[in-house]
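Derivation of every value follows stated rules applied to the coordinates shown; laboratory data play no part. Keep in mind it's a predicted model, so treat the numbers as computed, not measured. Backbone-built Cβ (ideal geometry, glycine too); neighbour counts: all protein chains shown.
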Amino acid sequence: MIKFLIKELTSSLFSVFIFLFLMFYVINIFIPGDFLTPLRIMITQEELDALRASLGADDPLYQQYFRWVISVLSGEITPGGFRRSSSEAITSTIIPTLQVLLPSLLLAYSLSKLPALKTSIGRLYKDKIFSDVTATMLISLFPPIVYFFAGDRVEGYYQQLSTNLEFKKIPASLVELTSLQLDMFLFLFLLGLILLFISFIELATFSFVPKIKLLIGAALIVFLYLYLEQLYFLQIFFETKVAIKTITVLSVFLLGEYILMNNVVVQNISREPHILTARAIGYSRRQIYTNHILRNSFGPIAYRLGMNIPYLIASLVIVESTTNWGGMGSLLYATITNQDSNAAMGILFLLALLATFFRIFISIAHKLIDPRLSNNV
């Protein structure tokens, strides 16, 4: 496993740095000027040259590149080739993105298994026309359309709760928790809510008795309620409003593709001889599906999820811009519209690292879950 991790990390990080190096050179060579160029109409050329020299904008590109990489890795998102600091901490964009990305992946993947779970073992090898049509309809929904239907409803629920609970937002000057603590508590709260929602869906559809999900979700909510003061707990609860909108839009965005992927994979695996053998021995439907189909289906699903990560990361730009969620996607959109190419590449660098670690995590999970590989770990 250690050799596998070292190999995956080395090859992935090397590819990321080479790609960004080439992109840095291409952007800075083929796009004329920089963010200082518009100042020519307001200051003299001598003043502009002096400003470029003070910011390091006239340094060789390789120096600008490595200064940009170091600045991003040191905890700031800066216009990479220039000697100036930014107050925008990396955690202020990564954590909000993870707050909505991880629950969305969990929700979409869990719900995508329901069509197969509700199909009898004897019919799993056949086409699931209804769920495939539903999945195609979900894929065709553009994020603003989902936001149009879901946004007002979520807003209404939170407004009603705020009125009933007589909630008043805490002034920023009176908040004793740090922004990092608030972000982590918000992430735990969202994760607990999503686990409870998945548990409710599985119970309502008689798919599974979700003991672990229900226990973890309830434990997270109870922990936060007992650990935090009631005012802070309500504060974090109402902070989830925009996050829930974003998770809803992103989950619907992913759900259709995941349903199609699960249907195809499960349909193919259910035709294999070991499934017929398990049915002939007399194993229950749940045993066959859990121990023989799900574990063996994780291989192709993991491969597809790994291939889907760049598409997922790119979708953040559309979804976060639609819901006004302050993550890396909306920040990338803002830097592009402001024509700040180096800052945009800083966000792309972080997104590339995030995609790399997601892909490695999926590969590890594949080796641990798939019985055909777990014995060779």
Mind sorting M23, M261 by how few other Cβ atoms lie within 10 Å of their own Cβ, fewest first?
M23, M261
Determine ³J(HN,Hα), in whole Hz, for all residues of the range 217-223 in sequence, where each value follows from phi through the Karplus function 6.51 cos²θ - 1.76 cosθ + 1.60 and θ = phi - 60°; x replaces Gly and Pro.
x, 5, 5, 5, 5, 5, 4
Expected sort for 145-155, 271-281 on mean C-beta neighbours within 10 Å, highest first, is 145-155, 271-281
Whole-Hz ³J(HN,Hα) from phi, Karplus 6.51 cos²θ - 1.76 cosθ + 1.60, for the range 303-315, glycine and proline x:
4, 5, 5, x, 5, 8, 4, x, 5, 5, 4, 5, 5
Which order, highest average first, do 50-57, 318-325 follow once you tally other Cβ atoms within 10 Å for each residue and take the mean per peptide?
318-325, 50-57
Pull out the extension gain between A50 and S140, defined as 0.36 nm times the separation in residues minus the alpha carbon to alpha carbon distance; nm, one decimal.
27.2 nm
Quick check on the exposure proxy: order K213, K367 from fewest to most C-beta atoms within 10 angstrom.
K367, K213
Taking amide hydrogens as modeled 1.01 Å from N in the peptide plane, which residues meet the under 5 Å criterion relative to A57, leaving out close sequence neighbours?
R83
So F238 and Q63, fully extended at 0.36 nm per residue minus their Cα-Cα distance, gain in nm 58.5 nm
Label points 7 Å out from Cα along the Cβ direction at Y25 and N164: separation in nm?
6.2
Spacing of the two label points (7 Å from each Cα toward its C-beta) at I2 and L102, in nm
2.7
